Structures are given as C-alpha cells and as structure tokens.
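Encoded as structure tokens, the structure appears first; notes follow it.
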Amino acid sequence: MTARPEPSAAAGTAAALVDRHYLDVRDLRVTFGTDDGDVRAVNGLSFGLERGRTLGIVGESGSGKSAASLALMGLQRGRRTTVAGEIWLDGENLVTASPERVRSLRGRQMAMIFQDPLSAMHPYFKIGDQIIEAYRVHHDVSKKVAKKRAIELLDRVGIPSAARRVDSYPHEFSGGMRQRAMIAMALSCDPSLLIADEPTTALDVTVQAQILDLLNDLQKEFNSAIIIITHDLGVVAEIADEVLVMYAGNAVEHGPVQEIFSAPQHPYTWGLLSSITRLDRTRSDRLRAVPGNPPSLIAVPDGCPFHPRCQYANLAGPATRTERPTLETVAPGHRVACHLPVEARVRIFREEVAPSL
Amino acid sequence: MAGFVIRRVLGGIVILWLISVITFLLFFLVPKVLGSNPAILFAGRSPSEAAVAGVTKKLGLDQPIVVQYWHFLAGIFTGRHFDAGPDKTWCPPPCFGYSFKNSEPVWQEITRALPVTISLALGAAVLFLLIGVGIGILSALRRGSVVDRAAMTVALGAVSLPVYFTGLVLLLLVSYQWRIFPNIHYVAFLDNPLLWARNLLPAWIVLAFLYSAMYARLTRASMLDVLGEDYIRTARAKGLPERTVVGKHALRSALTPVVTIFGLDLGSLLGGAVLTETTFGFRGLGKTSIEAISTGDLPTILGVTIFAAGFVVLANILVDVFYAVVDPRVRPT
Amino acid sequence: MNSHDSTGPASTGGAAPVGADAFLKGAAPPAPSTSPAAPVVMDKPDPVPMEKLAAVTTAASGDALLRVTDLQVHFPVTQGALVARKIGAVRAVDGLNFAIRRGETLGLVGESGSGKSTTGRAIARLLEPTGGKVEFDGRDITHLSARTMRPLRRDIQMIFQDPYTSLNPRHTVGSIVSAPLKIVGDLSGDALKARVRDLLELVGLSPEHLNRYPHEFSGGQRQRIGIARALATHPKLVIADEPVSALDVSVRAQVVNLLGDLQSELGLTYMFIAHDLSVVRHISDRVAVMYLGTIVEMADRAGMYEHPLHPYTHALLSAVPVPDPAKQHRRERILLRGDPPTPLNPPAACRFNPRCWKAEEVCRTVEPPLVEIQPGHQVACHFPEERELV
C-alpha cells in the first residue's frame, strides 16, 4: 500500500478520482496491432471499485468491455497487443508489475468467469480436478485437502451430491451446472476481485435467475468486488450497484445504478434504454432504435465517438465533432462524457426520453 | 470399454473380410470377364501349355468362384493343399496363397519382408514424431517469429519434394560421394543391431524428412487452434504457470488429432513404404508387392494387399480406442 | 401493464381482455398478389397505422394459413458399430396443435431443449416430421418430397439466428438475395436485378451493396440481407428463428422495427421463435410457450403476459430481469430449481411436474391436455391460476 506514484499527468480523467479505491483503473488503453491498423479496443478508461460492490459494465460488441476485463486480468493475448495506463489493485500497479507477479495474483486475488461454461472448461479433465488445480496452484496442500475444498465449493454453489459430481466431466453437466462449477472454480482461492464476462448470456432465463441469485449471495459472503460485463440492462438492474456504460472503447457514463436507470444523461444510455423491449412497460408500436451501427475501432469517429449516431449532436456545438468529451462529474459518483450542456441533457431526458421509456 | 473394443475389433474383422472378398473378386473375376485365363496370370509370364493346365487344376479354377473363395479363406486358417496328380504342394497355415512364380507360399514372402518394413517404419516414425511434433509446437508457441517462419518454409519445401528425389540425392551424397554409409543393405536387427541402424539411417532420414514436415504443419495448426480455445484462457485465468498451460492443457488437446493421423500413417507405412524401399533396395512389403505386380505374381499381390489392409484396419481400431481413452466425451458408457 | 401494478392479483376466471387494450394487427390486409406480372409496391411507404382494433380471435380463426395437428419430431438415438440399433428417441417435438392465421404473428417461446427451433424447421420442411400433420394454405405438406415441396418453398421462408454463418461468405449480396428467385425461376436478367435492388431498399440497405460480400457488413446489416433473401419470393409465411438474439442491443431494435414494418407492408404471416420473452411480447399477436416438446400455454399477447396461467409461464416471466433496479428488487421472483430435463427422457405425465411447486399426485400420473380455459387462452395444467408477475 506504500509508495504509490501520482497518476500521470496525461491521465486527465484520473484526476477526478481523488479517492483511492480497492481497484483503480486509470487511463487504461488496450491496442491490438492488425494489418489493417491499430484497433483501439480500450481508449482511456478510468474507474474505481470498492470491495463488496458490484460494477456492471454495459456495452455492445466492440465497445471494449471484454478487452478491458482481460487486461485487468493480464490476459491480453498476442505479441502486437499493448496495454498502457494504470491498474491499481489493492495498492499494486498491475500494468508495471512483472508477468510472474500478475500470474500469482491471477486466480488468487482476482478471478474470472466466462460466457460459455462449456468451452471454458477443459473437456478432457474432470470438473473436480480442474478446481483442485486452481486451488493447488496457489496453495501448497495435498490433493486430498484440495479435493475436500472442491467438494465444499461445489456444494456451496448448489451442485447436488457434490461429492459424487466432483468426478464428472464438463460435458456431463448441464449449462447451468457448468456455470456453477466455473463459479466454484473462480471462488476457490477467495478472490477479492471477481470479473464475470457475460456470465449468463449463454444460459436459459430461468437458469440465469439462479446464477444471478447465487452471485448476489456469494458477494455478501465473500465481500469481493465484482465486475459484471453484460449487454443486458435487466441483468445490470438486478445485480449491479454501479453501472459503467462503454461505447467505442471508452466510458460514456458511470454512476450509481438507480441514477443510470432513472436519470441517465448520455444520449447513448438513453438509446440503450429506449431501444430495448421490456416487460415492465406498456408495449409500444415501434421501438426507438439507435440509428446506424457501432463504429469500427480502427477508425473511431473524431470528437465524441457517438456523434454520428446521436440525435442531439446538433445541440452540442461544433466541439462534438472535433473534441473527445471527458467524463465530468454531474452528481456524486455520477460521471458523464458528453458535450451537451448539463441543463439540456436533464431537460431532454425529462421531456423527450423518459416519457417514451 | 471392453464392449467398445470388442465391437471395434469385430467391425475390423468384417472390414477385412470385405477387403478380401473385393480383392479376390478383382483378381479372379476381372480376367475372366476380359476373357483371359487367370491360370496364365498365375503361372507367370508366357508359361507353357502344360504349366497352365497344371495351375488351373491346382488352383481349382475349374470350380465355381464361391468355392474358390472358400478354399482361399479356409486356407488362411487351416492351410491348403494344391493338388494336381503327382505335383503336390502344401501351403501351411496361415496360407495367404501360393506364389507359383517363386515356388513358395506367400506367407513366407511376407514374413521375410515384414521385419524390413517394420524396421523402416518404426525407426522413421520415432524420428518424425520427435522432430515434426517438436518443431510444430515450437512454431505455434512462437507464432510469426523468425523460427516459425523459417520452419514453415522448410516444411513447405520438404512436403513438396518426392521421396525418390530426396532419397537418391541422399544416397548419392552419403553412400557414393562421401562414403559415410557405403554398401547399404538390410541387416537383421538380431544379427547386428549397429549395422542394422547404420544401414537404415539414410532411409529413416528420407522418410522422416517428408513426414516431419507434414507433422510440423499439422501440429502447429492444431496447437494454434487449441491455444485460442476458451479453456486455455481459463487455465491462464486460474494463474497456472505457462508451462502447465501449454504442457498439460494445450498439448493434450492439440496432440489428439496428431496421434489420430499418426496411427493411420503408421498403419499404411507398415503396409510397405513402396518408394523408399525401392529407392534403397530394401525388400520390404512395398518392394515385394511392386515386384509381384511387375511379374504378374497375382497370389503375392493378393496376399500382401490383404495383409497390409490388416495393418490399416488395426491402426484404425487402435486410434478409436485411443480417442476413447483420451477424450471422455467419446468414451462409451 | 403498468395499470396492473396496483390492482393485486386478478381473480381467476375474469373475462380476458382480448383485443381491448391490445392492438392486434387485425385481419391481414389482403396479401399482395404474388404473380410476377404485378410487382409489389416497393416504395417507401408511410408508416402504416397498426392500431386497427379487430376482434380477431373468433372472426379470423377460420382463416388459418398454417394448421399443425399433433406434430411430432423424434430423433432416433442409436448405438452399435456396424448396424445401428435404435435404443431410444429424443422427443424434440411431441404432439403440437396450433394454427397461425393469415397476417398474424405467432410467437414461440421456450428454453433450450423445448423444441421450438425443431418445430420451425419441421414446418418449413427442413426436417421430416415423425408424426402428425402440417397443413399450409389448406394443403397437407407433412410428407411432401423435396421435389413436390419445391413450388411451396416460395411461400414458406426462414430467417435464421446467426447472420454470420447463415450467409455464404463467397457469394455477393446480390447472388444471396437472388438465389431463391433463381430457383423459382420467375425472373431473369434485368428484371431479376431490379427486384434484388428493390428488396435491398425494402430492408433498408443501399441497392449499391449488390456486389459486396457479407463480411463487409455489420451484424445488423447482415440480418437485413437475410431478411431480404427470405422475402425475395413473396412468401406467405416467414419463420424467424431467433432472428435478433445475436444482434447488439441498439441494432436489435432496428431489426425488430423492420420486421414489424414489413409485416404491415406486405401482409406477411410470421412464426417468431425466440427465447427472449420481451421481444416476443413486442412482436407477437399470440404466444405459445413450449416446454420439453409440448405447448404448455397459448394465448394472445395480453392474456399471456398479463394473465398467465401456467406455473412454468409464471416462472419464465418472473425470471426475466426488468431494467429498473427499484422495481426489480421489489418484484416477486419464482426461482425454479434445477435445469430442464432432457427431451430424451421427459418426465411422465405433466413434464413440468418435477420442477413445479404446485405439483400433486395427479401431475405425476395424468398428462394435462391443452384446453381452452378462457376464450383464446389455452393451458395444459391441472392447477392453472392467474398471477401478477411483471
């Protein structure tokens, strides 16, 4: 926890983060070199998260949400991938730490669960052995002790007759059971940061409800910080304390979950909220779709990356086409990156967007 | 699992039986349809009238085809008399036919050629597995590096060079030019293991050169596929050291298809590496069948074909069983 | 549905508000002529007002475009090295009865293994039904051969889930969209090209995209290409199998709107297969809920979402998280235990009984038939009950 260097001057947005969080991400940049040019998957992302809190990261494909989470874990792949910026986890900067140090934290202090639990588990190894392996790599214990731990964990995540199922192979489990087993594996070393990348997208809705419930319970029990990456606003509403909306590699809005759903200020967030079908509202004839398509990350539009699709771009002044907006705090814990004047945003949401939600 | 193996073996036997029927029909029926006398073919090139008549009688070619086939099949298990008056020939079991050309049972030719072929195939297999798979793994792990690109360029060249070319060049250099391996001929392993290895080494190298290239490419592709799998990302996310990720998680999956192909390749190599054997003058199964073809020695061709098919079928069964052992998803319950 | 928030559980047996606050698309506008001589109007139309209230339930029920009777699709499970021995069957679809009226949209929802996709494929005759009857436009098509089915292919088209794999990457957009037309053989040369341009414009793509390849398009645009292909032959019935579930949220809405517009413009009849209950609510006039190869509940939209009767429907609806944190935390949630059993070995009698909190002895011994409890509202349950959920 000592000798933390000051955030670099380039990280202008990071200056807003005066508090030190359990997880502090500052000006994170992830770039993949390709033959067509550099893909700026994450382009200056900053946020903080405390233990016991759940952050929902919302975005479409190509928003950079998965690239950011893999970078947090030090799992970015490829020789032409670069990660810049700072990732402070419990006072340690993971970007500058040695790969060996990051590896020793991986699975122990920070763990991850993935979208498709079938492909995320090795088909040749027993479920139990895969959990045992995850535990023993960080704990010097016998196989027997580790197996006992694996059975406990499987039991905790709700696998019936865990002592027997510990010897099953992944293909012998159903989708929901596999995701439970993945969660058991991720929790084997009591991680303080758990990243869940679309953990319920591949699951049926009744099973999704079970898994979200489980994650909620486990968080209370383990007091970890959870990042849940999803495109489903319903999932976010259910499980998150805070929401970070990403677009084209950057955060456009970040705030407490109630505010993001009741008083969102970014036109993209409005677009997401009004374009979804939802059971809790009267059905309307037409959905209010966001026009156009998400941009290519090789050629992100100048200025605000959302401006070509933004209906209100004309009200935002010329800067929206030339200058990238930074996240500004509009309310405690609520930050928005938009060139529209705050009053205009509040008014537009109240008068034009909210009534049609 | 036992039931699975038994089913596979039974299936293999049925396939072998089908192969025997088809080859038998080809050799016995086709000449008939074309109007030539199979006895003439059997008796070798330009035989005398008497010889043809004798062979016709001996082979029972005057009997219906089904009966002939039955005699052939039964001969494998019980042996067979070729009986034509005073001229009696006994072909002991397993009788895969009798070569009138060489005046000996085909089985004898096979047992003489088999050690040569096995020596050649196994030695080369050890070499190309070590080199090919090793290079493939290295290339995949250092994808896009100089090592990778150099290895794949050489491999591409090696795949495109035919064995008789590389074989002759090597022979010319090491045997005639530099005389490192002079007077190459087959020496039985039990007679002189050192000489056995020394004389086979050039042939092993030639065969391994080609197969290493194929296996390097195959292993690299398979490894790259596996390294991109979600479960490899999971293994890394668990904090496993890279050598465990690669050595345990990736390799096991990546080598499964390689072993499959290897089983089939070894099966067909054991049936005779025709070009290599011919180039180096080793009388293995390949060269034996080539000679039989050029002299029209039909019983030998028939016998060797069925025998070689046996290797391929056996290799197939072993590969299936291997798969079931390694991959729990295809394991029979 | 907000209006129900304060009312508490509605009493069972109350008159179903069929057609009252629900705007069914109404009896279909007369289907445009499919004769090649009379091209369909392709100009961008004014948004068609859809609020045509109509008492569809009784009036139009006689005019079924598709009628499915006791449809079964079983996949044999075999064992054996040489001779495959049948050791069982996956009863993917096991006795479905429903009809789709001209111009309406029937939504088919269910979880994985419910048989909803198999149903779609069996109706499009991409699969051979094991039993039962499929009647299309008054004609029995259950066991038509590939050849006799071919003329009907123009009338029944499918839209698939994954726009990345369902378009041949080596074909241009033009040849993808024109392929069904070439098979039918109505048009050729310039007329064919003109038709393809019209179709691209119809689905909101630029006609200049004719010569491009699928990889040059985003997911949403690719799905538009898939829709253009499906509409090329003026189909009467479009079977859409999860057409928007692979798309991004902001693009999904565009495609949902497009499907709605096309329906009112062209008088299409949809069978909309999806797992997403909220999308199905948006697009469907009537909804059927499937569980392990059977329909457990079928009703018009309002009936299904405001007065669901089957416990499984209750569980499904309550499991869908609503994007409103305050409301989400107040909501009643029914957490089902366990996973859906496999259709290889479905539970006896009521297939839902092992996971049902209301199950009694009768549920384990007698299979509940799908019966009409309220007008237009059918349910297969021994203990149906209305419940307020959303």
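The values are calculated or read from the model by the stated rules, or taken from the named source; none is laboratory data. Note that the structure is predicted; figures quoted are calculated from it, not measured. As a convention, Cβ positions derive from the backbone with ideal geometry for all residues, glycine included, and neighbour counts pool all protein chains shown. SASA here: full protein model, heavy atoms, side chains in, ligands and nucleic acids out. Shrake-Rupley method; radii C 1.70, N 1.55, O 1.52, S 1.80 Å.
What accessible area, summed over both chains, is buried at the C-A interface (1.4 Å probe, Å², nearest 100)? Each step should come with its number before you reach the end.
Values: alone 18320 and 16870 Å², together 30970 Å².
The contact between A and C buries close to 4200 Å².
Restricting attention to the range C:146-229, which trypsin sites (Lys or Arg not before Pro) occupy a DSSP loop and are surrounded by at most 14 other Cβ atoms within 10 Å? Walk me through the numbers before you get to the answer.
Values: sites: C:Arg147, C:Arg153, C:Arg154, C:Arg170, C:Lys182, C:Lys193, C:Arg195, C:Arg197, C:Arg212, C:Arg222, C:Arg224, C:Arg229; in loops: C:Arg154, C:Arg170, C:Arg212.
Filter output for the range C:146-229: C:Arg170.
Once Lys and Arg get +1 and Asp and Glu get -1 on their Cβ, which of B:Leu127, C:Leu247, A:Gln109 lies farthest toward the positive end of the dipole of the protein assembly as shown? With unit charges placed on the Cβ atoms, the residue in question is B:Leu127.
For C:Asp276, no residue 5 or more places off, or on another chain, has a built amide H under 5 Å of its own. Seen against the Cα atoms of chain A and their longest principal axis, helix A:205-222 is set at about 80 degrees. Accessible area per residue for the range B:110-295 is 45 Å², calculated with a 1.4 Å probe on protein heavy atoms, without ligands, DNA or RNA. Here the range A:35-97 exposes an accessible surface that is 40 percent carbon and sulfur, computed with a 1.4 Å probe and the other protein chains kept in place.
On a full-extension model of 0.36 nm per residue, what is the gain between B:Leu195 and B:Gln108, subtracting their alpha-carbon distance, rounded to one decimal in nm?
Value of the extension gain: 28.9 nm.
Within the range B:200-215, which residues have the backbone N less than 16 Å from the label spot 7 Å out from B:Ser160 along Cα→beta-carbon, could you tell me? B:210, B:213-214, by backbone N distance to the label point.
Is any helix in chain B, taking whole DSSP H runs, at least 30 angstrom long along its axis by alpha carbon and on average at least 1.6 on the Kyte-Doolittle scale, and which ones?
Numbers: long enough: B:2-34 (47 Å, 2.10); B:106-128 (32 Å, 1.31); B:193-227 (43 Å, 0.97); B:298-326 (42 Å, 2.12).
Helix filter hits for chain B: B:2-34, B:298-326.
So, for the range A:187-306, what is the accessible surface per residue at a probe of 1.4 Å, expressed in square angstrom? All intermediate terms of the calculation are to be shown ahead of the outcome.
Numbers: 3030 Å² over 120 residues.
Accessible area per residue: 25 Å².
For the range B:239-255, accessible area lost to neighbouring protein chains reaches 20 Å² or more, against the chain alone with a 1.4 Å probe, at B:Gly239, B:Leu240, B:Pro241, B:Lys248, B:His249, B:Arg252, B:Ser253. Interface residues of the range C:103-144, defined as a loss of at least 40 Å² in heavy-atom accessible area between the chain alone and the complex of all protein chains with a 1.4 Å probe, are C:Glu111.
Percent of Cα-Cα pairs more than 25 Å apart in chain A, please.
Tail of P(r) above 25 Å: 55 percent of Cα pairs.
Set the Förster distance to 51 Å, then compute FRET efficiency between C:Thr172 and C:Asn345 from the Cβ-Cβ distance, nearest 0.05. Could the numbers behind the result be given before it?
Values: r = 47 Å, r/R0 = 0.92.
With R0 = 51 Å, the Cβ-Cβ based efficiency is 0.65.
Label-to-label distance for B:Arg143 and B:Thr78 is 6.2 nm, based on points extended 7 Å past Cα in the beta-carbon direction. In a reduced charge model with +1 at each Lys and Arg Cβ and -1 at each Asp and Glu Cβ, the protein assembly as shown shows a dipole moment near 2760 debye about its Cα centre.
For B:Arg142, the shell of other residues with beta-carbons less than 11 Å away shows a net charge of +3, using +1 for Lys and Arg and -1 for Asp and Glu. When you filter the trypsin sites (Lys or Arg not before Pro) in the range A:64-130 for DSSP loop state and at most 11 other Cβ atoms inside 10 Å of their Cβ, you are left with A:Arg79. Summing Lys and Arg as +1 and Asp and Glu as -1 over all other residues whose Cβ lies under 14 Å from the Cβ of B:Leu318 gives a net charge of -1. Contact residues in the range C:265-302 by the 30 Å² criterion (accessible area, 1.4 Å probe, full protein complex versus chain alone): C:Ser278, C:Arg281, C:His282.
Counting helices only, and only those DSSP H runs with n ≥ 4, report the 222 nm mean residue ellipticity of the protein assembly as shown as the sum of -39,500 (n - 2.57) divided by its residues, in deg cm²/dmol to the nearest 500.
On the way: 38 runs with 444 residues, N = 1080.
Using -39500 (n - 2.57) per qualifying helix, the result is -12500 deg cm²/dmol.
Please compute the contact order of chain B in relative form: average sequence separation of alpha-carbon pairs under 8 Å and at least six residues apart, divided by the residue count, as a percent.
Values: 422 pairs, mean separation 77.5, N = 333.
Relative contact order comes out at 23 percent.
Accessible surface buried at the C:B interface totals approximately 300 Å², computed with a 1.4 Å probe on protein heavy atoms. For the range B:202-246, trypsin sites (Lys or Arg not before Pro) meeting the loop criterion (DSSP other than H, G, I, E, B) and having at most 15 other Cβ atoms within 10 Å: none. Annotation: lysines with alpha-carbon distance below 16 angstrom to C:Lys193 (same-chain offsets under eight excluded): C:Lys182.
Annotation for the B:A interface, with buried accessible surface near 2400 Å², both sides summed [1.4 Å probe; non-protein components not counted]. Which shape class, rounded, prolate or oblate, goes with the range A:265-356 when its Cα gyration tensor gives a ≥ b ≥ c as root eigenvalues, a/c under 1.5 marks rounded, and past that a/b bigger than b/c marks prolate? Oblate, because a/c is 1.5 or more while a/b does not exceed b/c.
Looking only at B:Val304, B:Val169, B:Val133, which one moves most when chain B is put into a Gaussian network model with springs between Cα atoms under 10 Å? Comparing B:Val304, B:Val169, B:Val133 in the GNM, the peak value goes to B:Val169. Please state the relative contact order of the range B:110-295 as a whole percent: Cα pairs under 8 Å, 6+ residues apart? Reported as a whole number, the value is 35 percent.
Count the net charge of all other residues whose Cβ sits under 15 Å from the Cβ of B:Leu120, scoring Lys and Arg as +1 and Asp and Glu as -1. Within the 15 Å Cβ shell, the charges total +2.
Calculated FRET efficiency, C:Glu385 to C:Arg330, Cβ-Cβ distance, R0 = 22 Å: about 0.55 to the nearest 0.05.
The label point for A:Arg51 and the one for B:Gln177, both projected 7 Å from the Cα toward the Cβ, are 7.2 nm apart. When you restrict to C-alpha pairs under 8 Å that are six or more residues apart and normalise by the size of the range A:119-190, the relative contact order lands at 43 percent.
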